[in-house]
1. State the number of residues belonging to the stretch 8-40 that are outside any helix (DSSP H, G or I) and either in contact (Cβ under 8 Å) with a residue 40 or more places away in the chain or under 16 Å from residue 55 (Cβ atoms) (or both).
2. Out of (1) at pLDDT below 95; (2) under 22 Å from residue 9 (Cβ atoms), the odd one out for residue 24 is which?
3. Can you confirm whether residue 53 is out of contact with any strand residue (DSSP E or B) (no Cβ under 6 Å at 6 or more places or on another chain), closer than 19 Å to residue 13 by Cβ and surrounded by fewer than 15 Cβ atoms within 10 Å (Cβ to Cβ)?
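The values are calculated or read from the model by the stated rules, or taken from the named source; none is laboratory data. As the structure is a prediction and not an experimental result, all values here were calculated from the model. Virtual Cβ from ideal backbone geometry, glycine too; neighbours counted across all protein chains shown.
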């Protein structure tokens, strides 16, 4: 039996939520890092979180938890 993909209305899929939350934390960390002097470690970690958010979204979408 083929498994039917679930329809998520207006991007409210688990992939979209996970990516948005991780990216928001990354943007906040990057902003805090820039305003703290700049603190390059915090800034780079925040930027890395933004990149990881995109990867997490793509992986979850490939697993079938995103909008087709």
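1. Pass one, the stretch 8-40, residues outside any helix (DSSP H, G or I): 8, 12-13, 36-39.
Subset that is either in contact (Cβ under 8 Å) with a residue 40 or more places away in the chain or under 16 Å from residue 55 (Cβ atoms) (or both): 8, 13.
Number of matching residues: 2.
2. (1)
3. Values: out of contact with any strand residue (DSSP E or B) (no Cβ under 6 Å at 6 or more places or on another chain): yes; closer than 19 Å to residue 13 by Cβ: yes; surrounded by fewer than 15 Cβ atoms within 10 Å (Cβ to Cβ): no.
Answer is no for this residue.
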